[in-house]
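One structure is given below, encoded as structure tokens.
Computed from the coordinates by the stated procedures, all read-outs in this text should not be read as laboratory data. Quantities reported herein were computed from a predicted structural model and do not represent experimental measurements. Please note: Cβ atoms are built from the backbone with ideal geometry, for glycine as well, and neighbour counts cover all protein chains shown.
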Amino acid sequence: MSQKKTALGRLIGTLHLWLGLASGLVIIVIGLTGAIYVFTDELKPLVYRDRFFVQPESTPKLPLSRLLALAQAAVGEKRPVTRVEISSRPDRTYIFRALKVDKEGFSHWDYYKYYMRAYVNPYNGKVVMLEDSRNEFFTVVLGLHMRMLFGEKIGHPLVSYSVLAFVMILIFGLVLWWPAKWKKGNIDKSFKIKWNAKFKRVNYDLHNVLGFYACVILFMCAVTGLVWAFEWFGKGVKTVADGGKPAEVPAVFSDTTQNKDAKAVDRVFAALQHDNPAAYGYLINFPAKGKLPLNTSTYLTATNRYDRIQGQYDQFTGGRLRSRSFGELTSGEQIYAMNFDLHVGAWAGLPSKILTFFAGLICASLPVTGVVIWWGRRKKGDKGGKGERGRKVRTADGYVPPRRAAPVMGSKSISTGA
């Protein structure tokens with residue numbers, strides 16, 4: 001290998017190492033919480049059966065406007081309900097949410113000024129459960145994943161730049177993993193874990209081999225995370241998808257000359273059900289005030305969120321302003337709509353979720369195995385021994401240790417202790 005390639009390899013190894021050390025703790029948390037959050041939709045109905053399910057009745061469900069009023073009374077008039085999640089299944093509650101955040105807040109609990117969910121029986125209007133969602137398990141998991149339980153000002157950049165570092169770590173790691181020669185011995189070291197070897201070798205293989213197998217999925221999860229993390233990145237993805245020029249989609253607004261009609265939400269919900277009676281579920285976002293429309297999502301399947309119809313309705317009259325299916329969105333909008341499913345592994349249903357779950361666990365393990373590799377090499381260099389790293393060189397001032405090569409996490413030059 002030429003000196004130029006050796007120098008480049010050492011530089012890549014150094015960057016791989018120090019970016020990993022700098023972001024390792026955050027990456028561990030993101031990996032573990034991401035693995036849990038992959039199955040949130042499946043776990044919640046199992047864990048919270050008492051608030052998700054009701055006994056179906058032969059009588060019709062109450063009008064949405066009536067249920068909204070009951071939910072609003074339960075959470076308090078000073079906490080406006082901002083949205084409702086409606087399942088098409090007859091045995092599910094309607095979930096109303098009241099949410100307000102303070103982006104200046106220091107911690108997770110300061111960030112949410114209030115976050116309430118009211119689970120309402122749609123047949124009789126009874127509030128089955130009033131939940132302070134700030135302390136709910138999956139909300140805390142998401143708060144760890146997105147902000148490390150800090151507020152927006154600290155937690156968002158901390159996680160965002162750690163994810164950006166992780167993307168670079170994955171790229172550098174793949175370069176370090178790549179066998180110098182595709183011979184059987186090198187291929188075995190790159191693709192197989194030698195379980196019967198010493199601890200150092202097994203640990204090295206866990207870092208090197210598992211990191212390779214999870215690399216593609218982790219890269220996809222990290223890049224889709226960057227879409228939300230950095231506004232410039234999200235806009236850039238949309239612009240590229242739209243062919244270099246972001247598509248202009250005109251905004252629509254409610255008619256403020258009309259009087260507020262409490263029954264408007266009933267007309268909106270009736271229109272959603274009429275247009276797609278076999279839909280999996282519906283989401284309606286209520287604007288706080290002004291001329292903004294009611295934003296709706298009609299989810300056509302249970303397996304993903306991008307396959308939905310997005311609508312805007314007049315908040316005063318309930319009249320339809322615009323409705324577009326996934327196929328009618330611009331290319332940039334389609335990419336953005338698919339971002340969540342790509343991020344959580346829902347793009348191919350349950351199989352891709354399982355793969356993403358294990359990739360999240362591997363993600364959390366990589367900083368740990370990487371530190372073990374680095375620490376073992378560091379201790380070996382401190383103690384001295386045979387070879388370049390252990391040899392002492394005599395100078396005019398006495399014996400001094402040679403300059404250490406930067407330890408490389410995932411590099412083939414690391415002693416594996418096989």
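Can you tell me the orientation of helix 350-383 relative to the chain, as the angle in degrees between its alpha-carbon axis and the longest Cα principal axis, to the nearest 10?
Result, in degrees: 30.
If R0 is 45 Å, what FRET efficiency do you get for K245 and K192 from their C-beta distance, rounded to 0.05?
Details: r = 48 Å, r/R0 = 1.07.
Using R0 = 45 Å, I get an efficiency of 0.40.
Which shape class applies to segment 264-314: rounded if a/c is under 1.5, otherwise prolate when a/b exceeds b/c and oblate if not, where a ≥ b ≥ c are the square roots of the Cα gyration tensor eigenvalues?
Values: a/c = 2.87, a/b = 1.63, b/c = 1.76.
Oblate, because a/c is 1.5 or more while a/b does not exceed b/c.
Separation between the V368 and M129 pseudo-spin-labels, each 7 Å from Cα along Cα→Cβ, expressed in nm?
Here the modelled spin labels are 3.0 nm apart.
Note the full-extension length gain between E42 and A270 as 0.36 nm times their separation in residues minus their Cα-Cα distance, in nm to one decimal.
Stretched fully, the E42-A270 segment lengthens by 79.3 nm.
If I take R0 = 22 Å and measure r between the Cβ atoms of F253 and K100 in this structure, what FRET efficiency does the formula 1/(1 + (r/R0)^6) give, to the nearest 0.05?
0.45
Past the 30 Å Cα-Cα mark, which pairs from K153/K263; K44/K113; K44/K192; K61/K289; K192/K235?
Numbers: K153/K263 40 Å; K44/K113 24 Å; K44/K192 37 Å; K61/K289 28 Å; K192/K235 40 Å.
Correct reply: K153/K263; K44/K192; K192/K235.
Calculate how steeply helix 231-241 sits against the longest principal axis of the alpha-carbon atoms of the chain, using the helix alpha-carbon long axis, and give the answer as 0 to 90 degrees to the nearest 10.
The angle comes out at about 80 degrees.
Among (i) 27.1; (ii) 23.8; (iii) 24.8, only one was calculated for this model; which label is it, if the read-out is Kirkwood radius over Cα pairs in Å?
The listed entry that was calculated here is (iii).
Taking 0.36 nm per residue of sequence separation and subtracting the Cα-Cα distance, how much length would be gained by fully extending the chain between F137 and L174, in nm to one decimal?
Details: separation 37, 0.36 × 37 = 13.32 nm, distance 3.51 nm.
Gain in length upon complete extension: 9.8 nm.
Placing +1 on the Cβ of each Lys and Arg and -1 on the Cβ of each Asp and Glu in the chain, which of V202, A71, V54 has its Cα farthest towards the positive end of the resulting dipole?
So the residue we want is V202.
Suppose only helical runs count, i.e. DSSP H with n ≥ 4. What mean residue ellipticity at 222 nm does that imply for the chain under -39500 (n - 2.57) per run, divided by all residues and rounded to the nearest 500 deg cm²/dmol? Walk me through the intermediate numbers first.
Values: 13 runs with 210 residues, N = 418.
Per the formula, -16500 deg cm²/dmol.
Starting with the highest mean, order 208-214, 155-161 by the number of other Cβ atoms within 10 Å, averaged over the residues of each peptide. It would help to have the intermediate numbers written out before the result.
Working: 208-214: 20.3, 155-161: 18.1.
Answer by packing, highest mean first, reads 208-214, 155-161.
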